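**Student:** Below is a structure I'd like to ask you about.
Values quoted throughout were computed directly from the atomic coordinates according to the rules given, and no laboratory measurement underlies them. All of these numbers come straight from a predicted model, not from anything done at the bench. Counting neighbours? That spans all protein chains shown, and the Cβs are built from the backbone with ideal geometry, glycine included.
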Amino acid sequence: MNYLKTAILLAGLTALFMGVGYLIGGQAGMLLALLVAAGMNFFAYWNSDKMVLSAYGAHEVDESTAPDLVHMVRQLAANAGIPMPRVYLLDSPQPNAFATGRSPAHGAVAVSTGLLHSLKPDEVAGVIAHELTHIKNHDTLTMTITATIAGAIAMLANFALFFGGNRNNNNPMGIVGTILLVLLAPIAAMIVQMAISRAREYEADRGGAEISGQPLSLASALQKISGAAHEIPNEEAEANPATAHLFIVNPLSGMRMDNLFSTHPATENRIAALEEIAHEMGVTGHVTPVAVRSPARSPWLKRRGPWG
């Protein structure tokens, strides 16, 4: 991901936020919006990981409760050159995973029980390596900031539309311009947020392939997760749609298309990119469609396995 491009997009979000604040209260409103954005981001910086983990009812595991999983994360974190993150389990039948934390030193990886039940060890390794790349690249912090500002823009736009703008703020746009801006600003903010998220998914796929050394296993995992994610509901994600971009595959229903309003690239495009990466790495083979089957019992929480 081009970090200059990310900085420009974040600056654009902040400008939109301040612009809506200007519509509500003129220069004072613009300044207040800037201060509010700074305050929200300060709070998100210190508390975003706790908030999202709590929202999904995640519980931390260690070597005594999930030895295979923790050992795998430790080995892959060493491959990535980052500190060992905390490891969490989500009690969800939908196979999925996400990472959070403000920095690599405060990273956390959360995987669902459905993921452990449905994927093979090499596929799980690819997923975890993808999430570790997000931590290594500080994506979790960036995406938290974009989600915070985008949400605040939508909130302020609603206020501006309700109050009709401040008629005494010498706004040259007039009432019609004000209405158009407050309607378009949240859409523009959402597009920027999705653009950042989707670009970073491709980067994390590449990083996951390199860290695990198994690009085709990650591609196979994406195919299985994507197929199951649209059949098995994730109630917590549906209740917290603003966190959808954190997951390796969109946990919400009805978001298959690779368009401006999708939090993730189309799975087919990601698989094609991973197959190209496999070719670059000298790994032969391709991904074939495989149905997801969930065994009645998972070995991950019982004993040490092939990664032990």
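**Student:** Can you sort Met281, Met143, Met30 from fewest to most other Cβ atoms within 10 Å of each residue's own Cβ?
**Tutor:** The order, fewest Cβ neighbours first, is Met281, Met30, Met143.
**Student:** For the stretch 68-130, rounded, prolate or oblate, judged on the Cα gyration tensor with a ≥ b ≥ c (square roots of eigenvalues), a/c < 1.5 rounded, else prolate if a/b > b/c? Could you put the intermediate results ahead of the total?
**Tutor:** Details: a/c = 2.28, a/b = 1.43, b/c = 1.60.
Verdict is oblate for the stretch 68-130.
**Student:** Figure the gain on full extension for Leu31 and Met84 (residue separation times 0.36 nm, minus the Cα-Cα span) and round it to one decimal in nm.
**Tutor:** Numbers: separation 53, 0.36 × 53 = 19.08 nm, distance 4.03 nm.
Once the chain is fully extended between Leu31 and Met84, it gains 15.0 nm.
**Student:** Let me ask something else about it. With a 10 Å radius around each residue's Cβ, average the other Cβ atoms per peptide and rank 40-46, 85-91, 265-271, highest first.
**Tutor:** Numbers: 40-46: 14.3, 85-91: 21.0, 265-271: 17.9.
Ranking, from highest mean packing down: 85-91, 265-271, 40-46.
**Student:** Now for a separate question. Per the Debye formula with a single identical scatterer at each Cα and no solvent contribution, what log10 I(q)/I(0) holds for the stretch 1-129 at q = 0.11, 0.12, 0.13 Å⁻¹?
**Tutor:** -0.55, -0.62, -0.69
**Student:** Which of the aspartates and glutamates could be linked to Lys136 by a straight reach, that is with a Cα gap under 12 Å, when you skip same-chain ones fewer than 8 residues away?
**Tutor:** Glu203
**Student:** Given 0.36 nm per residue, what is the gain on full extension from Glu63 to Lys120 after removing their alpha carbon distance, in nm? Intermediate values should be presented prior to the final figure.
**Tutor:** Working: separation 57, 0.36 × 57 = 20.52 nm, distance 1.97 nm.
Here the answer is 18.6 nm.
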